[in-house]
1. For the range 75-151, compute the orientation-averaged projected area of the C-alpha convex hull (one quarter of its surface), in nm².
2. Evaluate 2.2 N^0.38 Å with N set to the residue count of the chain, then give the Cα radius of gyration divided by it.
3. Helix 233-253: angle to the longest alpha-carbon principal axis of the chain, degrees 0 to 90, nearest 10?
4. So which aspartates and glutamates can Lys226 reach, going by Cα to Cα under 12 Å and dropping same-chain residues fewer than 8 places off?
5. At 222 nm, what value in deg cm²/dmol follows for the chain if DSSP H runs of at least 4 each add -39500 (n - 2.57) and the sum is divided by all its residues, to the nearest 500?
6. If we count every other residue with Cβ under 14 angstrom of Thr296's Cβ, Lys/Arg +1 and Asp/Glu -1, where does the sum land?
7. Rounded to the nearest 5, what is the percent of antiparallel bridges among the DSSP beta bridges in the chain?
8. Let me make sure I get this right: for the range 1-146, a, b and c are the square roots of the gyration tensor eigenvalues over alpha carbons, sorted descending. Under 1.5 in a/c it's rounded, otherwise prolate if a/b > b/c, else oblate. Which is it?
Amino acid sequence: MNRRRLGRGGPEVSAIGLGCMGMSEFYGQADDSESIAVIHRALDLGVDFLDTADMYGRGRNEELVGRAIRDRRDEVVLATKFGIVRGEGEERGVDGSPGYVRQAAEASLRRLGVDHIDLYYLHRRDPQVPIEETVGAMAELVAQGKIGTIGLSEVSADTLRRAHATHPVTALQSEYSLFTRGLEAEILPTARELGVALVAYSPISRGLLGGTLGTGDRLPDDDFRKNLPRFAGENGSHNEELVTEVRGIAEEVGCTPAQLALAWLLTRGEDVVPIPGTKRLRYLEENAAAADVTLTADQLAALDAAVPPDSVRGDRYPSMALIEG
Ligand SMILES: NC(=O)c1ccc[n+]([C@@H]2O[C@H](COP(=O)([O-])OP(=O)(O)OC[C@H]3O[C@@H](n4cnc5c(N)ncnc54)[C@H](OP(=O)(O)O)[C@@H]3O)[C@@H](O)[C@H]2O)c1
């Protein structure tokens, strides 16, 4: 697996990482032992950039990742996130206060069973706290050796600039895929100017671009995607038609639709690192192999024509309140 450097001074990581979220929540039933096998196989294949967050499974995802890497910590570039505070039910808040930054980091270190986190992200900006204060507290964690580098998620170009002026930011983790290109206008150019890597989450559009997942009523009731506007009703049917177009081009390329989605992201710049999520060995291996898929200019043009930037219907989340971009 070829490698990419995160930001100007950040670590080198595999060009394609592994998102671990779905191993604990949101995308249907998961099996811990299979998930651990997926993480081990990832490391064997050279996929060493693992992504988790304290809110995934309310801490269970960090514990799972911690168990999986217990004897292989040195092989991993470990990224986690803080800042989203969950209530008893579905309600969510955010906390970017300095006291909370310190408390959240200690809790993540404990759950992961590690003495440092390589890349620590603010998951969502707290509108009540100046970004300089949150990043200032994260910078103290860097100075203490508890975290290696700082990241942000789903912030605006302006917040990214302010944060970076406080302490160098290594990576911006935001949703980016063939189906989600809003950040190309302002946020990605700003990240580039500052030397901040773009870690592309939901690079397969939460499975939609994989071409096997249904939408609407075909999703089980306990699947979080059922609540997402892109998967609902007519939006879902329309978006599935776009996937059919993508599948046709993938067949010409000689790869799967998911591999095409990942290979496309890798063409967007050396500073883009997708982190597809899966809890299945088959998908993990398929996604890792996408690093070897090359696309011609004609194939890229065909993709652009088949899926123009604003062709996908439906918001990414039921409420976009916490998304700055
Ligand atoms: N910063 C943030 O706010 C944020 C938000 C969302 C996600 N993330 C991070 O980004 C990671 C990736 O995003 P994501 O998991 O939401 O979306 P994704 O990677 O776009 O898609 C994951 C879904 O695609 C399916 N899939 C994976 N590989 C496939 C393949 N080769 N063919 C067909 N289907 C395939 C998976 O199936 P199975 O579940 O069956 O394996 C899963 O349902 C997460 O794990 C998480 O770490 C961050």
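Just so it is clear, none of the values below were taken in a lab; they were calculated from the coordinates. What you see is a predicted model, and the numbers here were worked out from it, not measured in a lab. Methodologically, a virtual Cβ is constructed for each residue, glycine included, from the backbone with ideal geometry; neighbour enumeration extends over all protein chains shown.
1. Mean projected area for the range 75-151: 5.3 nm², to one decimal.
2. Scaled against compact globular proteins, the figure is 0.93.
3. 80
4. Straight-line reach from Lys226, under 12 Å: Asp217.
5. Roughly -11500 deg cm²/dmol at 222 nm, from the helical runs in the chain.
6. Numbers: positive: none; negative: Glu252, Asp298, Asp304.
Here the count lands on -3.
7. Here the antiparallel bridges make up roughly 20 percent for the chain.
8. Oblate, because a/c is 1.5 or more while a/b does not exceed b/c.
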